[in-house]
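**Q** Attaching a single structure in structure tokens format; questions to follow.
The values are calculated or read from the model by the stated rules, or taken from the named source; none is laboratory data. Every value quoted in this text rests on a predicted model; they were computed, and no experiment measured them. Here the Cβ positions follow ideal geometry from the backbone for every residue, glycine too, while neighbour counts run over all protein chains shown. When the accessible area is computed, the model is the full protein with side chains, heavy atoms only, and any ligands, DNA or RNA have been set aside. Shrake-Rupley method; radii C 1.70, N 1.55, O 1.52, S 1.80 Å.
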Amino acid sequence: MKLHTLSAHELAKLLIGREVSSEELTKKLYGHIEKTDGEIGAYITLTKDIAIEQAKKADKRIKEKRDIGQLTGIPIAIKDNMCIKGVLTTCGSKMLGNFVSPYNATVINKLRENGLVFLGKTNMDEFAMGSSTETSYFKVTGNPWNTNFIPGGSSGGSAAAVASDQAILSIGSDTGGSIRQPASHCGIVGMKPTYGRVSRYGLVAFASSLDQIGPLTKDVQDCAALLEVISGYDPIDSTSLRMTSPDYMSFLNKDIKDIKIGVPKEYFIDGIDKDVELSVKRAIEKLESLGANIEEVSLPHTEYAVATYYIIAPAEASSNLARYDGVKYGYRAKMESADKGLLGMYENTKKEGFGMEVKRRIMLGTHTLSSGYYDAYYLKAQKVRTLIKQDFDNAFKKFDLLVTPTSPTPAFKMGEKIDDPLQMYLSDIFTIPTNLAGLPAISIPCGVSKNGLPIGLQLIGNYFDEGRILQAAHAFEQSTNFHRKKAL
Amino acid sequence: MNYETVIGLEVHVQLSTKTKIFCGCSTNFGASPNTQTCPVCLGLPGVLPVLNKEVVQCAIKTALATNCKVVEKCIFHRKNYFYPDLPKGYQISQYDIPVGENGWIQIEIDEKAKKIRITRVHMEEDAGKLIHSENSRSRVDLNRAGVPLLEIVSDPDINSPAEAYQYLVSLKQILEYLEISDCNMEEGSLRCDANISLRPVGETKLGTKTELKNMNSFKGVQKALEYEIVRQKNLLGKGEKIIQETLLWNANLNRTESMRSKEDAHDYRYFPEPDLVNIIIDEEWMSKTRRSLPELPQARRGRLKNEYGLSDYDVEVLTIDKNVADYFEECSKYFPNCKMIANWITGDVLAVLKDKKININNLNVSPEQLGGLLDLIENGTVSGKIAKDVFLDMVCTGQDAKQIVSGKGLVQLSDEGELVSIIDKIIKQNPKPVSDFRAGKQKALGFLVGQIMRETKGKANPQLVNKMLREKLS
């Protein structure tokens, strides 16, 4: 049996029934990783010793029928911007190329408590800045469907790992689409929960008011199960939601009769790929055929979302990344002489430690926050952000969900956009608005392009309404076969 | 030309909360470098701040005690700059919405009251410390990083170095009464920067200011300002312009010195801290805090004067330290003569504290014990002079006055029969002073009394000796 190709909920049955052990499953995955990751490049670091030990513990829990969760014993890959104690956490950057975290992120603790098995840390765009995983200092990651193409980003490694069966589940982070866009490009499920739903403690910050951790999985049921494990109030994250998370599994296997779904007309624009448009339209028809009420809606400020995002995210990033100065940890430039002093050390460290895209955003953010420009850029962007949020608030007065393409195109070729940042930025045009608003959204497979690359459908829900998103996504998935299509 | 001096002071006070402002690390002073740190105050990748509510509580108290308006919704900003003692590359501080603004405190200057307006009271985190070693290397100690600070900024209402000094004394008193800081300038728990400018008398526009830093005592602030006034006057007198700059006070050379070249308007790129949420200070929190405020120095001075009938001087001295005033009031429960208590505290007690460099709370003599000593004076058991020695004994041993007096046989000699024979003996031994006195030389009496005191090892009741001697010689 090809264990590694199964979903988590399928494997959980085998584990509980003790037909397979977590240790066996974990070793099987490492065997598969050894064979395929040379070509894919999903992982930066493998944590085999930790994984085998965790797998043994999980097996013991299962054997003793003690603290068994839905995902106990399931191997998971973790984006390399979440801190695991004693493990390299590079953020895809030379700057943190030697940084071993002395503490665990909250989400890591939750995964541990639930008995998941950590396979390794996955490749990503440097500091999560990018949409193709090409800005990683360490390697490029190939799209498992066709390795000449990018897997999306910034959680490209996490998406590719799951799509290539090199992990059963993975977690990523989503600041402007970094979970959903790669999920869409790799033909898997990816969800960005409501801002504050999952603790950010231990997630290396890119843009604090936008960052959110979420699951990347083979299907919607796994997504619900993983979301349940990682979400919940965390007293050490002040922006964490003070509410208990619902039982997400209870939203599965329900029909979607009379659910009102809005189709924002601003998301079907010129320049959208024909295959994407066609697949998404068919998916909308499918939802309608399942009983949903479909109606067009307008989100008039959508066109400003990308511009707004590229003011706010770099501004926060310029401040968040200031700490990488060579003083305390991480990369420090070698100084030929001391005569350049502290300033020289700072300059060379940042010059050598950061890549182009990170430098570009730090400069953008530094500029927009500087005195004389703050009002025109940052403050204005915050106002537009409020307008974008109001668009959604208005839409959700009438609709339960909104449906859109996840990305305007399928995965593009490696190298195609890396020198054209504006083109690159546009690949997140449909995912960015929900980050600005703080809303939850999912990407699920809804088709394959003519050249054989997957296409994603985005469902956006109201605040805290991940349940309804999962409900509709699951209903759609149950009546289609896109999620069963395999990359390899 | 005559110039008016305009001074504004910026005081940073370290709060004596148990833990830091955004993490659970201890704030104790003097631990080995980097032992009071955690991922949060080290600024490791991925960490997040959680606000210590106790800090907000201290800030509200201070804002109320300085008559500030307390905001209902308070936010933090990031102040971005690079320095090795600043682990995150930004300081979490407050910017356009401080916790308190538009307040004032009253100072006494030349026996007149003057109000100094307070611009703002805001919360922020302290930075770490650099330890420079000789081989041109510097080490970083982040124990202090994240220790809570309040910044208290005055309006430019201060018009002389003496007023600045008084302002600092009054402000420190208030902070001590609130018990939110130990206000120790040597340990850096209270720091003061000064902005100073001159303008021709009558002019309403402010002159170009300089900022003075690095003063490590209130007197230092006063001296630095005095120096700077002279310096600026000289420049203006010569028709030169004042350069807006930051100057460091050099306490060894008693002069201000320009900081190395460029300070060209730092751009701190303030923006709202996205990792923290708004702090809502509701009416309940406010009124609860208001109720918890202790009696403040000014109010206490008034009350001590009225309630105990003390002089302005006594009240002033007693209230400089809240604990001293507490000691006084406690003592008054055991001994009725308040004036006498005040005299003793402002005299012998404070002298001992100064000598031993201790706080009154660490004094070995309780208010009740002091009351006991004063009782012995009042009922004539010991003389005031002997009592001073007894007090010093009490400070050393912690024993009650009675114990010491009886143990050392220091009870005052007030028995007239016993005294008569001693007086007779002294008169016989000193015919010259006796005749001098009889001839009208009053001084001679003092000599004779002294002889009697010596004979009795100071135990004779001086008033009684005086009286008896006069009777004998008349």
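**Q** Report the rotationally averaged projected area of segment B:325-474 based on its alpha-carbon convex hull, in square nanometres.
**A** 9.9 nm²
**Q** Students often check this: by mean Cβ neighbours within 10 Å, which of B:134-141, B:426-433, B:54-61, A:95-102 ranks highest, and how do the rest follow?
**A** Most protected by this proxy first, the peptides run B:54-61, A:95-102, B:426-433, B:134-141.
**Q** Between residue B:473 and residue B:111, what FRET efficiency follows from the Cβ-Cβ distance if R0 is 56 Å, with the result rounded to 0.05?
**A** 0.75
**Q** Taking H as built 1.01 Å from N, whose amide H comes closer than 5 Å to the amide H of residue A:122, not counting residues under 5 places away?
**A** Counting only residues 5 or more places away or on other chains, the set is A:44, A:78, A:79, A:80.
**Q** Rank-order A:36-46, A:465-475 by packing density, defined as the average count of other C-beta atoms within 10 Å over each peptide's residues, highest first.
**A** Result, highest mean Cβ count within 10 Å first: A:465-475, A:36-46.
**Q** Among B:465, A:271, B:332, which residue has its Cα furthest toward the positive end of the charge dipole of the protein assembly as shown, with +1 on Lys/Arg Cβ and -1 on Asp/Glu Cβ?
**A** Going by the Cα projections, it comes out as B:465.
**Q** Where does chain B land on Rg/Rh, using Cα atoms and the Kirkwood Rh?
**A** 1.11
**Q** Restricting to Cα pairs below 8 Å that are 6+ residues apart, what does the relative contact order work out to for segment A:193-320? Please round to a whole percent.
**A** Value for segment A:193-320: 28 percent.
**Q** Can I ask one more? For residue B:38, tell me the accessible area in Å² from a 1.4 Å probe, rounded to the nearest 10.
**A** The accessible area comes out at roughly 30 Å².
**Q** Just to be sure I understand the model, the point goes 7 Å from the Cα along the line to the Cβ. What's the resulting residue A:247 to residue B:73 distance in nm?
**A** That separation, rounded to one decimal, is 3.8 nm.
**Q** Rounded to whole Hz and in sequence order, give me ³J(HN,Hα) for segment A:372-387 from the Karplus expression 6.51 cos²θ - 1.76 cosθ + 1.60, θ = phi - 60°, writing x for Gly and Pro.
**A** In residue order, the calculated couplings are x, 10, 3, 5, 6, 9, 4, 5, 4, 4, 5, 5, 5, 4, 4, 5 Hz.
**Q** Quick one: net charge around residue A:305, please, counting Lys, Arg +1 and Asp, Glu -1 for every other residue with C-beta under 12 Å from its C-beta.
**A** -2
**Q** Still on this structure, I have one more. Relative contact order of segment A:1-128, please, whole-number percent, based on alpha carbon pairs below 8 angstrom and at least 6 residues apart.
**A** 31 percent
**Q** Sticking with this one: From the backbone phi of segment A:343-349, what are the Karplus-calculated ³J(HN,Hα) couplings (6.51 cos²θ - 1.76 cosθ + 1.60, θ = phi - 60°) in whole Hz, Gly and Pro given as x?
**A** Computed from phi, the couplings for segment A:343-349 are 4, x, 4, 4, 4, 5, 4 Hz.
**Q** Continuing with the same structure: In whole percent, and with a 1.4 Å probe on the protein chains, what portion of the accessible area of segment B:1-110 is carbon and sulfur?
**A** Here it works out to 47 percent.
**Q** Have a look at the DSSP beta bridges in chain A and tell me what percent are antiparallel, nearest 5.
**A** Within chain A, antiparallel bridges account for around 65 percent of the total.
**Q** Long-range amide H contacts for residue A:297: which residues qualify at under 5 Å (H placed 1.01 Å from N, peptide plane, sequence gap of 5 or more or a different chain)?
**A** For residue A:297, whose amide H was placed from the backbone, the distant partners under 5 Å are A:263, A:265.
**Q** Just to confirm the number: angle between the C-alpha axis of helix B:367-378 and the first principal axis of chain B, 0 to 90 degrees, nearest 10?
**A** Roughly 30 degrees between the two axes.
**Q** Starting from the 7 Å offset along Cα-to-Cβ, what nm value, one decimal, do you get for the label separation of residue B:241 and residue B:29?
**A** 4.2 nm
**Q** Set the bar at 21 Å for Cα to Cα. Now go through B:428/B:472; B:172/B:357; B:114/B:209; A:334/B:79 and name every pair that lies beyond it.
**A** Over 21 Å apart, Cα to Cα: B:114/B:209; A:334/B:79.
**Q** Over chain A, what is the mean sequence separation of C-alpha contacts under 8 Å (at least six apart), divided by residue count, expressed as relative contact order in percent?
**A** Taking the mean separation of contacting Cα pairs over the length of chain A, I get 18 percent.
**Q** Let me test this: with uniform point scatterers at the alpha carbons of chain A, what is the Debye-based log₁₀ I(q)/I(0) at q = 0.06, 0.07 1/Å?
**A** Result of the Debye calculation: -0.24, -0.33.
**Q** If you build the convex hull over the alpha carbons only and average its shadow over all orientations, what do you get for segment B:179-318? Give it in nm² to one decimal.
**A** Spelled out: convex hull of the Cα atoms, projected over all directions, averaged, 15.3 nm².
**Q** Can I ask one more? How big is the Kirkwood radius of segment B:295-407, worked out from every pair of different alpha carbons and given in Å to one decimal?
**A** 14.1 Å
**Q** Using the Kirkwood radius over Cα pairs, work out the Stokes-Einstein diffusion coefficient for segment B:3-285 at 10 °C and 1.306 mPa s, in µm²/s as a whole number.
**A** Reported coefficient: 80 µm²/s.
**Q** Take residue B:266, project a point 7 Å from its Cα along the Cβ direction, then tell me which residues of segment B:48-63 have their backbone nitrogen under 20 Å from it.
**A** From segment B:48-63, the list is empty.
**Q** Provide the percentage of antiparallel DSSP beta bridges, counting only those with both residues in segment A:1-152; round to the nearest 5.
**A** Among the beta bridges of segment A:1-152, antiparallel pairing accounts for roughly 50 percent.
**Q** Using the Karplus equation 6.51 cos²θ - 1.76 cosθ + 1.60 (θ = phi - 60°), what ³J(HN,Hα) coupling, rounded to whole Hz, does each residue of segment A:13-19 give in order, writing x for Gly and Pro?
**A** Computed from phi, the couplings for segment A:13-19 are 4, 5, 5, 5, x, 6, 7 Hz.
**Q** Past 21 Å, Cα to Cα: identify those pairs from B:408/B:467; B:20/B:61; B:322/B:356, in the order given.
**A** B:408/B:467
**Q** Another one. For residue B:271, enumerate residues with amide H under 5 Å from its amide H, sequence gap 5+ or separate chain, H modeled in the peptide plane.
**A** Those lying under 5 Å, H to H, from residue B:271 are B:78.
**Q** Would you tell me the mean number of C-beta atoms belonging to other protein chains that fall within 10 Å of each C-beta in B:45-57, as a whole number?
**A** What the average comes to for B:45-57 is 6.
**Q** Project the alpha carbons of segment A:269-404 onto their principal axes and report the range along each, largest first, in whole Å.
**A** Principal-axis extents of the Cα atoms in segment A:269-404, largest first: 72, 34, 27 Å.
**Q** How many Cβ atoms of partner chains, on average, are near each residue of B:73-82 if near means within 10 Å of its Cβ?
**A** Taking the mean over all residues of the peptide, I get 2.
**Q** Using the structure shown, list the pairs from B:69/B:288; B:354/B:388; B:88/B:219; A:48/A:139; A:35/A:485 with a Cα-Cα distance above 23 Å, or answer none.
**A** Checking Cα-Cα distances, B:88/B:219 exceed 23 Å.
**Q** Hey, what D do you get for segment B:416-473 in µm²/s if you plug the Kirkwood alpha-carbon radius into Stokes-Einstein at 25 °C and 0.890 mPa s?
**A** 221 µm²/s
**Q** Which net charge results when you count Lys and Arg as +1 and Asp and Glu as -1 among the other residues whose beta-carbon is under 15 Å from that of residue B:102?
**A** -1
**Q** Between 0 and 90 degrees, rounded to the nearest ten: what's the tilt of helix B:161-178 against the longest Cα principal axis of chain B?
**A** 90 degrees
**Q** Under Stokes-Einstein, with the Kirkwood radius over Cα pairs standing in for Rh, what whole-number D in µm²/s applies to the protein assembly as shown at 37 °C and 0.692 mPa s?
**A** Answer, rounded: 99 µm²/s.
**Q** Per residue and in Å³, how big is the convex hull formed by the alpha-carbon atoms of segment A:105-206?
**A** It is 93 Å³ per residue.
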